[in-house]
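Engineer: Pasting a structure here, questions to come.
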Amino acid sequence: MGDLNVGIVGLGWVAGAHIETFKNVEGANVTAVCSRRMHDPAALERGYGVPLKAYSEYEQMLADDTIDIVSICTPHPFHPEQAIAAAKAGKHLVLEKPIALTFEDARRTKAAIDESGVKTCVCFELRFSAHFSLIRAVLEQGLLGDIHYGEVDYYHGIGPWYGQFGWNVKKDMGGSSLLTAGCHALDGLLMAMPDPVEEVTSYATTSKSPTFAPYEYPTTTTSILRFANGKVGKCASVIDCFQPYYFHIHLVGSEGSLLDNKFYSEQLPGMTKQRWSTLETSLVDSGDVSDHPYQPQFQALVDAIRKGTPMPHTDLETAYETHRVAYAADLSVAEGRPVKLSELQ
């Protein structure tokens, strides 16, 4: 099999990160882009450093038989229909989160992709970060034992200084604090605690700062997850804060605990509970997409396509379950009650 060709739809800052990343992925090349505006291919090549065929009609790009993978980098409301169309055209998918802004659209999207048989990578790329890879290894080696409580929280002020602020503040574009950003933290919690979630109770609040007044939905939510086996988790999504980006992780198990990049384990003789031991790694500490670990994730997708193996960690099934919990949390906020995951089938 020769190199796979990638077509990017949407040409904002996330698309730029995808294009730059694929330059370092073996076995794939970005060869086309699709944007609502017409672009001069020569100007695109000067800007992105690779030759790119330019489309202004998505259907025309999907009809291009030379394109194997479609990477969807458009604003959130466009994701479902564009993903469904790509799947029906037989294109493998890189799908930026969220899959959709509503559970109904996510369910339709999953059904179409499942029926098509194409491979899909949903951009919960933090699962491929050094920090999360280290946490996964700590868990797999049993150093924390059985996790019974975990909290993973997202603190990232998304104000006028942030590129997507202009459209992100709108309910029909951003969706919710969890869907637009905090779902990365929720996904991290579910990676560490993969047991089925039974019920979600979520509360919302908002900053009184005029900076965040344009938002049409609550900018801070905190969600309590009750797992089917009695375990408990908590995820806060705070996009109206004035502070450095902070991705908080605290996992408590039968044999030890982990706090961000520090841990204690009863499994390691000689450790002292009076001080944390540090796990040196590259922390998740930036909301800038240029700092996100797309490269190992996209390489995993390309390898899965070429070898006919499953997409690891961020496959559609796994990402869909994270979204289902997010939709339950948003429903809990809207209706002021606990929501059972069985309500979203």
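The values are calculated or read from the model by the stated rules, or taken from the named source; none is laboratory data. As the structure is a computational prediction, the values presented were derived from the model and not from experiment. Virtual Cβ from ideal backbone geometry, glycine too; neighbours counted across all protein chains shown.
Engineer: Between Phe298, Phe247, which is touching a residue at least 60 places away in the same chain (Cβ under 8 Å), more than 30 Å from Val6 (Cα to Cα) and not charged (D, E, K, R)?
Structural biologist: Phe247
Engineer: Here are some residues: Ser129, Ser176, Ser116, Ser133. Which one is among the polar types (S, T, N, Q) and more than 26 Å from Gly10 (Cα to Cα)?
Structural biologist: Numbers: Ser129 fails: more than 26 Å from Gly10 (Cα to Cα); Ser176 fails: more than 26 Å from Gly10 (Cα to Cα); Ser116 fails: more than 26 Å from Gly10 (Cα to Cα).
Residue meeting the stated conditions: Ser133.
Engineer: In addition: Return a yes/no flag: does the range 61-72 have any residue that is hydroxyl-bearing (Ser, Thr, Tyr) and surrounded by fewer than 15 Cβ atoms within 10 Å (Cβ to Cβ).
Structural biologist: There is at least one residue in the range 61-72 that is hydroxyl-bearing (Ser, Thr, Tyr) and surrounded by fewer than 15 Cβ atoms within 10 Å (Cβ to Cβ).
Engineer: Also, I was wondering about something else. Give the number of residues within the range 197-214 that are farther than 26 Å from Ala319 by Cα and surrounded by 17 or more Cβ atoms within 10 Å (Cβ to Cβ).
Structural biologist: So the answer is 2.
Engineer: Output the qualifying pairs, or none if there are none: Cβ atoms under 9 angstrom, residues six or more apart or on different chains, first residue in the range 254-266 and aromatic (Phe, Trp, Tyr), second residue surrounded by fewer than 15 Cβ atoms within 10 Å (Cβ to Cβ).
Structural biologist: Listed pairs, sorted by first residue: Phe263/Ser277; Phe263/Thr278; Tyr264/Thr272; Tyr264/Lys273; Tyr264/Arg275; Tyr264/Ser277.
Engineer: Specify which of the listed residues (Ser177, Ser223, Ser207, Ser202) is among the hydroxyl-bearing types (Ser, Thr, Tyr) and either within 30 Å of Gln299 (Cα to Cα) or in the same structural domain as Ser71 (by TED's automatic domain parsing) (or both). Let's see the steps before the verdict.
Structural biologist: Details: Ser223 fails: either within 30 Å of Gln299 (Cα to Cα) or in the same structural domain as Ser71 (by TED's automatic domain parsing) (or both); Ser207 fails: either within 30 Å of Gln299 (Cα to Cα) or in the same structural domain as Ser71 (by TED's automatic domain parsing) (or both); Ser202 fails: either within 30 Å of Gln299 (Cα to Cα) or in the same structural domain as Ser71 (by TED's automatic domain parsing) (or both).
Exactly one residue qualifies, and that residue is Ser177.
Engineer: Of the residues in the range 1-38, how many are assigned to a loop (DSSP other than H, G, I, E, B) and buried (at least 17 other Cβ atoms within 10 Å of the Cβ)?
Structural biologist: 4
Engineer: Still on this structure, I have one more. List every residue pair whose Cβ atoms sit under 8 Å apart, with the two residues 6 or more apart in sequence or on different chains, where the first one lies in the range 321-345 and is over 18 Å from Asp195 (Cβ atoms) and the second, anywhere, is assigned to a loop (DSSP other than H, G, I, E, B) and of a type outside the set (A, V, I, L, M, F, W, C).
Structural biologist: Within 8 Å, the pairs are Tyr327/Thr102; Asp330/Gly175; Asp330/Ser176; Ser332/Pro338; Val333/Ser176; Val333/Pro218.
Engineer: Identify all residues within the range 239-282 that are surrounded by 15 or more Cβ atoms within 10 Å (Cβ to Cβ) and of a type in the set (A, V, I, L, M, F, W, C); write none if there are none.
Structural biologist: Ile239, Cys241, Phe247, Ile249, Leu251, Val252, Leu258, Phe263, Met271, Trp276, Leu279 - these are the residues of the range 239-282 that are surrounded by 15 or more Cβ atoms within 10 Å (Cβ to Cβ) and of a type in the set (A, V, I, L, M, F, W, C).
Engineer: Find the residue count for the range 286-295, including only residues that are surrounded by 14 or more Cβ atoms within 10 Å (Cβ to Cβ) and either of a type in the set (Lys, Arg) or touching a residue at least 40 places away in the same chain (Cβ under 8 Å) (or both).
Structural biologist: Going through the range 286-295 one residue at a time, the tally reaches 6.
Engineer: Just to be sure I understand the filter: pairs with C-beta atoms under 6 Å, separated by 6 or more residues or on different chains, first member in the range 134-145 and under 12 Å from Lys262 (Cβ atoms), second member surrounded by 14 or more Cβ atoms within 10 Å (Cβ to Cβ) and at pLDDT below 95. Which pairs pass?
Structural biologist: Between residues of the range 134-145 that are under 12 Å from Lys262 (Cβ atoms) and residues that are surrounded by 14 or more Cβ atoms within 10 Å (Cβ to Cβ) and at pLDDT below 95, the close pairs are Leu134/Thr281.
Engineer: Going through the range 17-32 one residue at a time, which ones are in contact (Cβ under 8 Å) with a residue 60 or more places away in the chain and within 13 Å of Val50 (Cα to Cα)? First the steps, then the outcome.
Structural biologist: Restricting attention to the range 17-32, the residues satisfying the condition of being in contact (Cβ under 8 Å) with a residue 60 or more places away in the chain are 17-18, 20-22, 24-28.
Answer for the range 17-32, where residues must be in contact (Cβ under 8 Å) with a residue 60 or more places away in the chain and within 13 Å of Val50 (Cα to Cα): His18, Glu20, Thr21, Phe22, Asn24, Ala28.
Engineer: Could you say whether any residue in the range 307-320 is part of a strand (DSSP E or B), modelled with pLDDT of 95 or more and either surrounded by fewer than 22 Cβ atoms within 10 Å (Cβ to Cβ) or at negative phi (or both)?
Structural biologist: No, that holds for no residue.
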